[in-house]
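The values are calculated or read from the model by the stated rules, or taken from the named source; none is laboratory data. As the structure is a prediction and not an experimental result, all values here were calculated from the model. Counting neighbours? That spans all protein chains shown, and the Cβs are built from the backbone with ideal geometry, glycine included. The protein model used for the area step is the full one, side chains on, heavy atoms only, and it has no ligands, DNA or RNA in it. Shrake-Rupley method; radii C 1.70, N 1.55, O 1.52, S 1.80 Å.
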2 protein chains.
Amino acid sequence: MKKEKNNSPPSGTRDFLPRELHRRRQAAGILADRFERHGFLPVETPALERIQTLTGVYGDEGDKLIFKILPRGQQAELNPQPDLALRYDLTVPAVRALAEHDLLQKGFRRYQIGPVWRAERAARGRFREFWQCDVDLYNTPTPLAEAETVAALEGGLRDLGMRELVISVNTRGILRKLCDLFKISEAQRKAVLIALDKLDKFPIPSVRREIAAIPCSGARLLADALHPEFAAELLDKDTLDGPERDELAEITEAVAAAASRDLEISVNPLLARGLDYYTGFIFEFHTLGGSTRAIAAGGRYDNLAAEVAGSDCRICGGSIGLERVLDELEVQDSISALDPPADDVVHLTLFSPEMLVATEQLARELRDLGLKVYVGRGGKIGDQFKAAERAGHRRCLIYGPDEEEKAVVTLKDLETGAQSEVSISDLAGLVEILKGI
Amino acid sequence: MKKEKNNSPPSGTRDFLPRELHRRRQAAGILADRFERHGFLPVETPALERIQTLTGVYGDEGDKLIFKILPRGQQAELNPQPDLALRYDLTVPAVRALAEHDLLQKGFRRYQIGPVWRAERAARGRFREFWQCDVDLYNTPTPLAEAETVAALEGGLRDLGMRELVISVNTRGILRKLCDLFKISEAQRKAVLIALDKLDKFPIPSVRREIAAIPCSGARLLADALHPEFAAELLDKDTLDGPERDELAEITEAVAAAASRDLEISVNPLLARGLDYYTGFIFEFHTLGGSTRAIAAGGRYDNLAAEVAGSDCRICGGSIGLERVLDELEVQDSISALDPPADDVVHLTLFSPEMLVATEQLARELRDLGLKVYVGRGGKIGDQFKAAERAGHRRCLIYGPDEEEKAVVTLKDLETGAQSEVSISDLAGLVEILKGI
């Protein structure tokens, strides 16, 4: 027998035991119901993609975080370079899959809830295997797609019990206009956006330093202008006026119509979002007083389908981070509704090895009538009661030779200690009693 | 715009569109309900495991089929050898996870339904990403664990609509006795078992040739004895009598008590099962007249926990192959009950871009009242009706400026063509009408 094994899951991944799993499944089910109520249909893609489908799409940082898989067998000898990779998000594989099934042009609306993998440095609350909950509208015009995306995600967050939701909205057009205003050179715009994206996670001075260090005189001007009221000032003055601001206003109006009246909408001309592929509207959901990390986010990406699948298609969508929402719900103390029930399981004790066949027959008949039945492991009856209590089973059935002869079972309520004999000649009656307690 | 992309999923994997996904989810939900009715609780492990957790456990053939993942970042420079792997089954990771959470000794019963990955040569009906549906009883004695394993799997198969089920049962003890009888040397026993395992897939002469080629005089004797009646003769005569046969009889009796009366139990002393790790009872489910491949299988593996997790634990369990069952259900023509409903989605047409905000508000209110609402993509109203029909939505709502002024919607039944105006001053009334149709 080997000893001292490391039995923890790989760094950044987790094992889920029943209680946590019940919570996660409930949450995923709630989101699926919500997304279907908005007319989205489920699509699932494999965990694996061809490596060329994923590289170059998420930016340089993203490329480094892709888990790569080695070729197998004969292939490996011909070419030892990795040929497959684990999906990095659900968005890109979905575009590939819908192109393959000729669904990009038909106004399809898709949702998917499942794991993605990123080789991030594992840290508290940051995982290498985590779940995204996506909605996307394909070939659907502005601002309908934006409104429907936000409405579905907000509805899902509310159904899960999230309160005091705020959505920050912006467009890439506004960011381009801002860069134009400050005469940021084309070559440096990506660096500026990456720095601006950190505004909700880091203090202003640190972002200001990062922007000032970008080799471009406009960047230094922008860094000087960055102070807490900068975003509000940009909106108050007519600095951003023009078609970009009109477009943002039109989208914001549609989003407000589709969202609940409780959603606080915050127009933020500095909101940048990290991912390379956005082309228009971008948004992030937070909770008032919650973590600085977004709990959901997304936007419009009209060029991705051409890049990934060689097919033009305007797309808008977004994603809820399941772990982040569950984290916040834990903080908000609203998880009890998601707790697993165990007291509907009946613990049928195994009185002795000789009673096994009779006990299994009784278990089969009770299960056929719809009861959840756990057959005890045998051993001392008192130990079986204790095991039942630990598992949260409230009712025990005892079925020994005496009971068998009298055609009864002894029913024991572990909470009250009450014990009574019930006939098994009328099993449906017993099931009624057990379901009624 | 790039053209001519290969948008198919990687070889041996699949994209699932809503219809197929609905079927798969229904099936997984039915199995989860069944397993919980038998007292099993869900556990989920990551897709990734440390490579040393998996290698050496599944035999030499298995090792070759494991998908291996390259190290990332700095690690990759220090050691370019793969450090992680995709899980090959659910059984081994579960043993690791339960050891980590100290649950192996407590009589835990676990189920898990999810994908596993094997780098098999992809072929019709054989996938590299496929789903297993596992149940296992930890530290639970014989024959209780065997009976509970079979009862849960059989119940699940029946709930899915599988009929004419046959279970073949045997033990490793019987196989050892058989090898003793034929004086098969220890070194050649594994090769003999691998060959016997092919008896349900290949004609007897081909298996006979494979066994005769094994360098051992006993193997040639066994090959000569292999004819269609050989298994039955072994049982009729007292050749196998002894403690091994008594154990198999005891298990078979317990299994028969726990299983439904319709299950045909076939004792087959030649049943071998491929996986290295079985130590006692082994079984396979088939359907009469169905595919030669088993639709579910399993057995007892009392040494695996020591090998994988450094912890002694007797375990018995089994697994349903989701794809195989769905294949057979398709053949059995019983899939209709698993088809997705779409006629409960109401298609709210977008009359014109000017009506977007009012339409989104109406959509929100209808969804708040529990309706499934798909907001049309705009364009010609006739095209929107066609899109609704293609999507299986039976009812359309038209909400143009005329309707807005009169505070009504026009309700159109696409099946009958019937059209009527309904007031929206009483939305609950409208929802009643829409739910009632």
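Looking only at the stretch B:2-11, decide whether some residue is more than 7 Å from every other protein chain (Cβ to nearest Cβ), surrounded by fewer than 18 Cβ atoms within 10 Å (Cβ to Cβ) and part of a helix (DSSP H, G or I). Don't jump to the end; show me each part of the working.
Of the residues in the stretch B:2-11, the ones more than 7 Å from every other protein chain (Cβ to nearest Cβ) are B:6, B:11.
Restricting the remaining residues to those that are surrounded by fewer than 18 Cβ atoms within 10 Å (Cβ to Cβ) gives B:6, B:11.
Next, from what is left, pick out any that are part of a helix (DSSP H, G or I): none.
Checked against the condition, which is being more than 7 Å from every other protein chain (Cβ to nearest Cβ), surrounded by fewer than 18 Cβ atoms within 10 Å (Cβ to Cβ) and part of a helix (DSSP H, G or I), the stretch B:2-11 yields no hits at all.
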Where in the stretch B:368-426 are the strands (runs of 3 or more DSSP E), entirely inside, with at least 1 residues that are surrounded by fewer than 18 Cβ atoms within 10 Å (Cβ to Cβ)? B:408-413, B:419-423
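Scanning for something more than 7 Å from chain B (Cβ to nearest Cβ) and not hydrophobic (A, V, I, L, M, F, W, C), does the stretch A:31-45 turn up at least one residue?
Yes, because at least one residue in the stretch A:31-45 is more than 7 Å from chain B (Cβ to nearest Cβ) and not hydrophobic (A, V, I, L, M, F, W, C).
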Filter the stretch B:91-139 down to the residues that are more than 10 Å from every other protein chain (Cβ to nearest Cβ) and free of Cβ contacts under 8 Å to residues at least 12 places away in the same chain, then identify the one that is least open to solvent (accessible area, probe 1.4 Å). B:A123
Qualifying residue in the stretch A:329-352 (condition: at pLDDT 90 or above, surrounded by fewer than 20 Cβ atoms within 10 Å (Cβ to Cβ) and farther than 18 Å from A:L411 by Cα): no
The number of residues in the stretch B:278-293 that are open to solvent by less than 20 Å² (accessible area, probe 1.4 Å) and over 22 Å from B:E247 (Cβ atoms) is 1
Considering (1) farther than 29 Å from A:K190 by Cα; (2) facing another protein chain (nearest Cβ under 7 Å); (3) surrounded by fewer than 21 Cβ atoms within 10 Å (Cβ to Cβ), say which one A:N79 fails and leave the rest. (2)
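Each row is one residue, and each column tells you yes or no for (1) modelled with pLDDT of 95 or more; (2) under 22 Å from B:L362 (Cα atoms).
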site: A:L144; (1), (2): no, yes
site: A:A152; (1), (2): yes, yes
site: A:G161; (1), (2): no, no
site: A:S168; (1), (2): yes, no
site: A:C179; (1), (2): no, no
site: A:S185; (1), (2): no, no
site: A:A191; (1), (2): no, no
Looking only at the stretch A:60-76, and only at residues there that are touching a helix residue (DSSP H, G or I) at 6+ places or on another chain (Cβ under 9 Å), more than 7 Å from every other protein chain (Cβ to nearest Cβ) and open to solvent by 10 Å² or more (accessible area, probe 1.4 Å), the one that is modelled with the highest pLDDT: A:L65
Inside the stretch B:181-197, the number of residues satisfying the requirement of being in a loop (DSSP other than H, G, I, E, B), at negative phi and surrounded by fewer than 15 Cβ atoms within 10 Å (Cβ to Cβ) is 1
Assess whether A:L48 counts as being within 7 Å of another protein chain (Cβ to nearest Cβ), modelled with pLDDT of 90 or more, within 29 Å of B:L98 (Cα to Cα) and surrounded by fewer than 21 Cβ atoms within 10 Å (Cβ to Cβ). no
Condition check for A:A32: touching an Asp or Glu at 6+ places or on another chain (Cβ under 8 Å), open to solvent by less than 40 Å² (accessible area, probe 1.4 Å) and assigned by TED's automatic domain parsing to the domain that holds A:G155: no
Of the residues in the stretch A:262-277, how many are in contact with a strand residue (DSSP E or B) (Cβ under 8 Å, 6 or more places away or on another chain) and either open to solvent by 50 Å² or more (accessible area, probe 1.4 Å) or not in a loop (DSSP other than H, G, I, E, B) (or both)? 5
Would you check if A:I167 is crowded, with 18+ Cβ neighbours inside 10 Å, of a type outside the set (F, W, Y) and away from every other protein chain (no Cβ under 14 Å)? yes
When you scan the stretch B:203-228, how many residues do you find that are surrounded by 14 or more Cβ atoms within 10 Å (Cβ to Cβ) and in a loop (DSSP other than H, G, I, E, B)? 3
Do we find a residue being among the small types (G, A, S), modelled with pLDDT under 95 and out of contact with any Phe, Trp or Tyr (no Cβ under 6 Å at 6 or more places or on another chain) anywhere in the stretch B:18-27? yes
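Residues of the stretch A:230-261 being open to solvent by 40 Å² or more (accessible area, probe 1.4 Å), assigned to a loop (DSSP other than H, G, I, E, B) and away from chain B (no Cβ under 12 Å), which ones? Write out each step before concluding.
First, pick out the residues of the stretch A:230-261 that are open to solvent by 40 Å² or more (accessible area, probe 1.4 Å): A:232-233, A:235-239, A:241, A:243-247, A:249-250, A:253, A:256, A:261.
Next, only the ones that are assigned to a loop (DSSP other than H, G, I, E, B) stay: A:237-239, A:241, A:261.
A:K237, A:D238, A:T239, A:D241, listed by residue number.
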Would you mention how many residues in the stretch B:369-388 are within 8 Å of chain A (Cβ to nearest Cβ) and under 38 Å from the mean Cα position of the chain (by Cα)? 8
Of the conditions (1) within 14 Å of another protein chain (Cβ to nearest Cβ); (2) among the hydrophobic types (A, V, I, L, M, F, W, C); (3) free of Cβ contacts under 8 Å to residues at least 60 places away in the same chain, B:A407 fails just one. Which one is it? (1)
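What helices (runs of 4 or more DSSP H) completely inside the stretch A:16-120 contain at least 2 residues that are over 19 Å from the mean Cα position of the chain (by Cα)? Outline the logic, then answer.
Values: elements: A:18-37, A:51-54, A:59-64, A:73-78, A:91-100.
Output list reads A:51-54, A:59-64, A:73-78, A:91-100.
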